[in-house]
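First up is the structure itself, then whatever we jot down about it.
The values are calculated or read from the model by the stated rules, or taken from the named source; none is laboratory data. What you see is a predicted model, and the numbers here were worked out from it, not measured in a lab. For neighbour counting, all protein chains shown are included, and Cβ atoms are generated from backbone atoms with ideal geometry for every residue, glycine included. We work out accessible area using only protein heavy atoms, side chains counted, and drop any ligands, DNA or RNA first. Shrake-Rupley method; radii C 1.70, N 1.55, O 1.52, S 1.80 Å.
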Protein chains: 2
Amino acid sequence: MKLKPKEGLLWMLAAAAVSLSFSACKPKGAGSAVSGNAAQRTYIPPGQYDEFYTFTSGGFSGQMSVYGLPSGRLFRVIPVFSVDPEKAWGFSEETKPMLETSHGFVPWDDLHHIESSFTDGMPDGKWMFANSNNTPRLARIDLQTFRTAEIIEIPNTGGNHCSPFTTENSEYVIAATRFSVPPDGPGGDVPISSYKENFKGHISFVSVDKETGEFNIAFQLKTPGLNFDLSSAGKGVSNGWLFISCYNSEQAHTLQEVNASQNDKDFIMAINWKKAEEYFKAGKGVKQAVRYAHNKYDEHTHTATSQIKTEVTVLDITDFDDLAYLIPCPKSPHGADVNPTGEYIVGSGKLAALIPVFSFEKLQNAIANKEFEGERYGGVPVVKYESALHGEVQKPGLGPLHTEFDEKGNAYTSFFVSSEVVKWNVKTLEVLDRQPTYYSVGHLMVAGGNSKKPYGKYLVAYNKITKDRFLPTGPELCHSAQLFDISGDKMELLLDFPTIGEPHYAQSLPADILKDKSLKIYDINANAHPHKTNGEAEARIEREGNIVRVYMTTIRSHLTPDVIEGIRMGDEVYFHVTNIEQDWDMPHGFAIKGAKNAELLIMPGETQTIKWEPDRVGIFPFYCTDFCSALHQEMSGYVRVSPKGSNVAMTSYTGNK
Amino acid sequence: MKLKPKEGLLWMLAAAAVSLSFSACKPKGAGSAVSGNAAQRTYIPPGQYDEFYTFTSGGFSGQMSVYGLPSGRLFRVIPVFSVDPEKAWGFSEETKPMLETSHGFVPWDDLHHIESSFTDGMPDGKWMFANSNNTPRLARIDLQTFRTAEIIEIPNTGGNHCSPFTTENSEYVIAATRFSVPPDGPGGDVPISSYKENFKGHISFVSVDKETGEFNIAFQLKTPGLNFDLSSAGKGVSNGWLFISCYNSEQAHTLQEVNASQNDKDFIMAINWKKAEEYFKAGKGVKQAVRYAHNKYDEHTHTATSQIKTEVTVLDITDFDDLAYLIPCPKSPHGADVNPTGEYIVGSGKLAALIPVFSFEKLQNAIANKEFEGERYGGVPVVKYESALHGEVQKPGLGPLHTEFDEKGNAYTSFFVSSEVVKWNVKTLEVLDRQPTYYSVGHLMVAGGNSKKPYGKYLVAYNKITKDRFLPTGPELCHSAQLFDISGDKMELLLDFPTIGEPHYAQSLPADILKDKSLKIYDINANAHPHKTNGEAEARIEREGNIVRVYMTTIRSHLTPDVIEGIRMGDEVYFHVTNIEQDWDMPHGFAIKGAKNAELLIMPGETQTIKWEPDRVGIFPFYCTDFCSALHQEMSGYVRVSPKGSNVAMTSYTGNK
């Protein structure tokens, strides 16, 4: 394949990212103002707490992780879209339904972004939302339990990257197509080269129940074939609107790194979602037959269910003249970020050398006055660039990606190509400070930086390239985050800390919002699991045909029963293990030799189940996997498996008979 | 079940552990000497390196993790015994064979301990060994690549807890039964109450090839039914011997927390492994038919193979009078730890209130002089306690678990029940210092503390109970580690840091041993994968019946080919993705919508394969999952799936045709 000169330039730019940033790094870290007392400012003495919880997307790990700031310590990995054998997530009978989709069980996904639930534009500490990029889904994580409570599949979508961006009062969580595809249904077998005619984008508005948090796909907006990248909901004055960065305005279907980089300007799509909601409520739109899974975890039964739903309402934006507008934005924009007052929208064209800042007020005027440069894609009005523009940040750096805000009217933009974070004033557009990152920062996060009142103080740069930042660990390296103190005029680098997976985005919440409402145990009396065992006296085994249920309890230092005989080849054995502890931080584990699944890790008051199909005759030890007491090593038992048809009596006991 | 008074006492002791330690904690951390400049002493400025790599067992996570000391930062999780969808470990065609066993694929295990490979009793930086506790296996991790290179199953074993302890020159890695079971084979269907007659322990000696590291089960020692807990190989003067803690000397088969806690003394088993090796080489022992898997990852083909082996040589220790001896040891011992000179063996009875220290010299004299108190279990001589005893550490604390050593002749013992680390002198047995832990320390680790010349300086307490040490994260909390500086007379607490999984043991290696030999990329020219693609010009698809192979390359910013048509329902599609980058830290990922497996994460120079069986007609996007360049978002493509029997031509291309 031959390159045209223009293509060669683009490729160079892309390839330059690494060498540029890498060669700029010596002496290491010296380019940044590393504070002399950074050690004290990031050190949390034993027994004291971090100031912030930081919920971080795992990217290709498919999970969410929870760090403390300023220490950078990893407190928990919450399994969301990927199986986690450590916690039996996706292996226990109770959690298997969480990873079901309309097309079967999917053990992995790419958890790209997270966003907090909001009340009046502020994190309310109820839930975190997360998107999966590969098999399009949304998840809701409960912040009392730090567990995934719900997962819903998104139909008509190819790559749910532009998600889970949330409106000012969590009315909706947004999920928009990264890769346009033919809509779901029988018409999908079309030539890939027919992209312009047959491929469509969809933007889903998933409502959130105010009390329970439950998801519901309210409606979808169908759009021309485009790639939606990132978005922000309006807030304050712009509440009711949504801003989405669109690349591939060229509608290329191949060699996108060249073909989707041709236009000097792509778009930010501005959507009047309140208007769309009005139309939807008025019965507009088309009901489309689709199939998608909706999975919920019930904290009372400690069990998930997966349900298939079959219909969605779709409004085509080209059927309406007041739903969606395109704002030209240079060039292949990534971030579309709204400032705390909601007055400004920052577009970050990842191949651009300036940052356009759009004014919501000017946009509204331009729409009212029809200051359009025409229409695209069969009926979407394109607002004149200058008509919506507040102004441009000149020479900010190369390759702007993403912008967050502090509480003082400043913006912070990450630059992948020039490998730096740049601070600038949202109104004056003046560049105030810049600090290098090691290396090639992607997203960044200011504490509360996407809310109406940012907490400020800390900024974390989530860097894409690590190389020599930490002790090397073979060809595969962790990703690197860098913590800056942004409370002063200049950003101060405090700490490099490694992260797991590939964090694309994060949300910091002040510790005080969450720490006192964090659940410590599950109430054993409220446990409504159908196979709960109330106490050791009720522990038993039951057979019905070849189904054997072991009703087991676990408490320091027993698994009851600990002797089980009469299991036969061909049996399906369900160990329903109830942890009858009611003491904080007293989980027990359960594992049995030869199991083809995973372990159970059972929190106090909880019941969890492992299915076991013995594949040989003999004696199988089982044991508690979580060191719980001085006699943990003794917390074990045996199962005897006999041949099919054996007359070994079914028996279970604990203690000498 | 009624408790006898004695049993009640034991239970109280066990239950007391938590409340005892927890109530002792206020004010938090104040009981310890937290150094005034701990912040500086644990802070690694951006761009600088930690002093030590610390390889940490994941316990119930089944993986191994790599931390830096003194920062406590997590650099890498190495998948070993559990599937890891993030890295496609156990999902890619290349890695699936690594998790095969003689009874099928096992997706999870409990990685309990790790130990370094040794040359002359010092970590040589070649490999880490790890054991799996549930489905008995051993693993070898390559320290150039930080990847699992080999896994071997251990026959005749129920719970491979007492492992992977390694001899002075890595002649053997030890794997010993935690739960005795009937030997493998047809005779396993026996009553569990026939434990004393039918259940046996086995201690496996797995040899390690000096050059390649390859495992081979040289021989097994068959023992009476006992529970083996932990062990240490002799070193220096005691090289050639092995010391294993044995609990359940009562041979109880139920309610072990009571029935296996009856005897005031259990045992440390001393094994003359050089003698056993002599017998084995002389053709002694019995060849037993067994089945076990032996899995190897080939770094040239980038592919694992799993082979079933069918025979093992077993020597019954009761057939020989000079292989094994029992040393009485109070009470339910956990650790059996040999000091750096090899002169002393420390037994840690987890229900004991003193620590016996045995002298290797006195043990040898006792054996030579037959100072036995008799035999047990049909022929194993029991050495008189006093004859082997160097002395007892008096009133050291409650519930000693594990002991490591510094370079100055001191020992450090963890106490679960009294929740503290105690420093004492190995020769004088004098207690020198004690520091509380938060809470209930299990294992501890001194840098090089199990070698002939400990590095000293740092001690890490791996605590079993976390409660209020970090910001709460719902019912499930991370485990907590505490870093102490042990370079002075008194231990100084420096840092609390959270860990993932449940670390039972760790090995610290000075950074200098490893960091310069860490592999940065795989040489693309040395890549001998059978489905490697040498460059974009060779990228293609090939069909043979319903098997379709996609030969794909990945380099910034292309996946080639990026348009694929002619796939039909019923096809088995193999994406063989070769990352043709030869630049450090330039992995690419690969995911395709609707995949039922995981993603690929492909290091530079490597080829990895995902099998994909499309389950519906339509268009499926695929993309790079690891943000690699400014045009990473454009790094994507489409596959078209048509109905069975469709005549859509098979085609693949990149760029406009």
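If you check A:G378 against the conditions, is it in the same structural domain as A:T223 (by TED's automatic domain parsing), closer than 18 Å to A:I271 by Cβ and in a loop (DSSP other than H, G, I, E, B)? Show your work before the answer.
Numbers: in the same structural domain as A:T223 (by TED's automatic domain parsing): yes; closer than 18 Å to A:I271 by Cβ: yes; in a loop (DSSP other than H, G, I, E, B): yes.
Yes.
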Considering only the range A:485-500, how many residues are under 23 Å from the mean Cα position of the chain (by Cα) and surrounded by 24 or more Cβ atoms within 10 Å (Cβ to Cβ)?
-> 4
Only one of (1) out of contact with any Cys (no Cβ under 6 Å at 6 or more places or on another chain); (2) assigned to a strand (DSSP E or B); (3) not β-branched (V, I, T) is not met by A:F267, so which one is it?
-> (1)
Residue pairs within 8 Å by beta carbon, gap of at least six or interchain, first lying in the range A:177-194 and more than 8 Å from every other protein chain (Cβ to nearest Cβ) and open to solvent by less than 50 Å² (accessible area, probe 1.4 Å), second part of a helix (DSSP H, G or I) and among the aromatic types (F, W, Y), listed first then second, are A:S180/A:Y195
Residue pairs within 7 Å by beta carbon, gap of at least six or interchain, first lying in the range A:343-369 and assigned by TED's automatic domain parsing to the domain that holds A:V237 and farther than 19 Å from A:V426 by Cβ, second of a type in the set (A, V, I, L, M, F, W, C) and open to solvent by less than 10 Å² (accessible area, probe 1.4 Å), listed first then second, are A:K350/A:L401; A:K350/A:F416; A:K350/B:A630; A:L351/B:A630; A:A366/A:V383; A:A366/A:A388; A:I367/A:V383
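Inspect all residues belonging to the range B:556-567 and state whether any of them is under 28 Å from the mean Cα position of the chain (by Cα) and surrounded by 23 or more Cβ atoms within 10 Å (Cβ to Cβ). Please lay out each step first, then the result.
As a first pass, look at the range B:556-567 and keep what is under 28 Å from the mean Cα position of the chain (by Cα): none.
No, the range B:556-567 contains no residue that is under 28 Å from the mean Cα position of the chain (by Cα) and surrounded by 23 or more Cβ atoms within 10 Å (Cβ to Cβ).
Evaluate the following for A:T119: is it modelled with pLDDT of 95 or more, under 25 Å from A:L230 (Cβ atoms), of a type in the set (V, I, T) and more than 17 Å from the chain's Cα centre (by Cα)? Walk me through it before giving the result.
Working: modelled with pLDDT of 95 or more: yes; under 25 Å from A:L230 (Cβ atoms): yes; of a type in the set (V, I, T): yes; more than 17 Å from the chain's Cα centre (by Cα): yes.
When the stated conditions are applied, A:T119 passes them.
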For residues in the range B:466-498 being among the aromatic types (F, W, Y) and part of a strand (DSSP E or B), which is nearest to the other protein chains (Cβ to nearest Cβ)?
-> B:F497
When every residue in the range B:240-260 that is assigned to a loop (DSSP other than H, G, I, E, B) and at the interface with chain A (Cβ under 7 Å from one of its Cβ atoms) is compared, the one most open to solvent (accessible area, probe 1.4 Å) is B:H253
For the range A:598-631, how many residues are farther than 24 Å from B:H443 by Cβ and more than 7 Å from every other protein chain (Cβ to nearest Cβ)?
-> 11
Since A:K395 meets every condition but one in (1) at pLDDT 95 or above; (2) within 19 Å of A:P330 (Cβ to Cβ); (3) more than 14 Å from chain B (Cβ to nearest Cβ), which condition does it not meet?
-> (1)
Quick one: is A:T533 open to solvent by less than 10 Å² (accessible area, probe 1.4 Å) and of a type in the set (S, T, Y)?
-> yes
Within the range B:144-163, considering residues that are within 28 Å of B:K520 (Cβ to Cβ) and at the interface with chain A (Cβ under 8 Å from one of its Cβ atoms), the one surrounded by the fewest Cβ atoms within 10 Å (Cβ to Cβ) = B:Q144
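Just wondering, is there one or more residues in the range A:220-231 that are of a type in the set (D, E) and touching a Leu at 6+ places or on another chain (Cβ under 7 Å)?
Scanning the range A:220-231, I find no residue that is of a type in the set (D, E) and touching a Leu at 6+ places or on another chain (Cβ under 7 Å), so the answer is no.
Is at least one residue of the range A:311-334 among the aliphatic types (A, V, I, L, M) and more than 22 Å from A:P155 (Cα to Cα)? Step through it out loud before you land on a result.
Applying the first criterion (among the aliphatic types (A, V, I, L, M)) to the range A:311-334 yields A:312, A:314-315, A:317, A:323-324, A:326-327.
Add one more test, that the residue is more than 22 Å from A:P155 (Cα to Cα), and what stays is A:326-327.
Yes, some residue in the range A:311-334 is among the aliphatic types (A, V, I, L, M) and more than 22 Å from A:P155 (Cα to Cα).
Residues are listed down the side, and each one gets a yes or a no for (1) in a strand (DSSP E or B); (2) among the polar types (S, T, N, Q):
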residue	(1), (2)
A:G570	no, no
A:T578	yes, yes
A:Q582	no, yes
A:P614	no, no
A:F627	no, no
Qualifying residue in the range A:585-592 (condition: more than 23 Å from A:I521 (Cα to Cα), within 10 Å of chain B (Cβ to nearest Cβ) and of a type in the set (V, I, T)) | yes
Answer yes or no: is there a residue in the range B:290-301 that is among the aliphatic types (A, V, I, L, M), more than 30 Å from B:T119 (Cα to Cα) and open to solvent by 60 Å² or more (accessible area, probe 1.4 Å).
-> no
Residue satisfying all of: in the range B:499-524; touching a Ser or Thr at 6+ places or on another chain (Cβ under 6 Å) and more than 11 Å from every other protein chain (Cβ to nearest Cβ); farthest from B:G335 (Cα to Cα) among these = B:S508
